[in-house]
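Undergrad: First the structure, which I've put down as structure tokens, then a few questions once you've had a look.
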Amino acid sequence: MSAESTPGPGIPGDTGTNGARHRGKGRRHKPQQRHKGLVITAWTAAGIVVLGGAGAGYMYFKLNGNLKSVDIDQALGTDRPKKADNGSENILVLGSDTRAGGNKKLGGGTDDGSARSDTAMIVHVYKGHKKASVVSIPRDTLIDRPSCTDTKGEEHPAARGVMFNSAYSTGGATCAVKTVESITDLRMDHYLEVDFSGFQKLIDDLGGVEITTTKSIDDPDSHLKLKAGTHTLDGKQALGLVRTRHGVGDGSDLGRIQLQQAFVKALVNQIKDVGVFSDPKRLLDLAETATKAVTTDSDLGSVNKLASFANGLKGISPSHMHMITMPVAYDPADPNRVLLQEKKADQIWQALENDEPIPASATKGTATGEAKGVVSGS
């Protein structure tokens, strides 16, 4: 596995090693270079394929054929947290940076056919589907990865003290889901994955996304250069923004998560205002791109199912999205890694299990990336 480290000073405080659930500690790893990824929230990617009457005939079958799905329930079996009975849903959203095909140029590195996930979000949709909480999981978090079986039937042994994003690179979607469920004790009801090239084309098809930056961003690694002010980002620039880390803040992955969350809010807000549903050709172009860009769990593996799911999320506005980062502290033994603050994290998982708001105390005093407020929707 290749991964770029999260630099930053050690932050004193509770690393949560006495939490209620078993968490990853163990051996440390030397910093490694990683190829960056991206994320787009479940309702954003899925909402683009709400086709209504347009999804009929040839176009319907074409779009249906674009979708890729993973039978996570079959692969993981019954040894999982129970489904919630309070009307809420949890969705694991990943950004993948496969080195194959069109993503090689965007992601860099060798075309070894592998795929990596560097950004993960747990999207909790509350009962009534009018609000959501989003918890970003830093990929540099050291965890104990459970044993898992991928969709091809290959078994992967458990591993201690490894980075969170090793779950996906080891066993794909099913291993990522099982790892998240082992950390949170929450059932992931759905899975949604978006790749590099799909993300970039989605933004271009959408006509760009308008954001405002309070500081200049200049990152030669992600090829992004923006002056402070308002910008309409095309796909390449948007990809650069959600990948940048050295151009703003403290250069950490935590800071990049803050930028990603701000961009996602701007994107969701713009999709509601661009009027794509009144332009059939534009809608179908977006649907074509979106269905090629996403991989879902098998329960969402058709246009009808995905459209129905997305339709139930349309009522969630950016103002009703509570976005946080999983509580972590820099590892005293290696500032390029972070450790889960278990006691604080348990407050989050308990709140989501009970379909309640996440308490402010759960994220107070945790490590941050110093990029909050740099990007906002216009």
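The values are calculated or read from the model by the stated rules, or taken from the named source; none is laboratory data. Here the structure is a predicted model, which means the values were calculated and not measured. Positions of Cβ are generated from backbone atoms using ideal geometry, with glycine treated the same way; all protein chains shown enter the neighbour counts. Accessible surface is based on the protein model in full, side chains and every heavy atom, while ligands, DNA and RNA are left aside. Shrake-Rupley method; radii C 1.70, N 1.55, O 1.52, S 1.80 Å.
Undergrad: Can you give the FRET efficiency to the nearest 0.05 for D73 and A351, using r as the Cβ-Cβ distance and R₀ = 22 Å?
TA: Calculated transfer efficiency: 0.30.
Undergrad: For A360 paired with N311, estimate the spin-label separation in nm (one decimal), with each label point 7 Å from Cα along the Cα-to-Cβ line.
TA: If labels sit at A360 and N311, their model points lie 4.0 nm apart.
Undergrad: Output ³J(HN,Hα) for the range 325-331: one whole-Hz value per residue in order, computed from phi by the Karplus curve 6.51 cos²θ - 1.76 cosθ + 1.60 with θ = phi - 60°, and x for Gly and Pro.
TA: With coefficients 6.51, -1.76 and 1.60, one gets 10, 3, x, 9, 10, 5, 5 Hz.
Undergrad: Now, a different point. Give me the net charge for the shell around T289: Cβ to Cβ below 9 angstrom, other residues only, Lys and Arg +1, Asp and Glu -1.
TA: So the surrounding residues net to -2.
Undergrad: Enumerate the whole-percent occupancy of each 5 Å bin, from 0 to the last occupied one, for all C-alpha pair distances of the range 277-359.
TA: Whole-percent P(r) values from 0 Å outward: 3, 10, 12, 14, 14, 14, 12, 11, 7, 3, 1, 0.
Undergrad: Here's another thing I want to ask about it. Could you give the dipole magnitude of the range 298-378 about its Cα centre, charging the beta-carbon of Lys and Arg +1 and that of Asp and Glu -1, in debye to the nearest 20?
TA: Its charge dipole is roughly 260 debye.
Undergrad: Starting with the highest mean, order 252-262, 179-189 by the number of other Cβ atoms within 10 Å, averaged over the residues of each peptide.
TA: Going by the mean number of other Cβ atoms within 10 Å, highest first, we get 252-262, 179-189.
Undergrad: Take the solvent-accessible surface of the protein heavy atoms, probe 1.4 Å, and return the percent of it on the range 285-378 that carbon and sulfur atoms account for.
TA: Of the solvent-accessible surface of the range 285-378, carbon and sulfur hold 49 percent.
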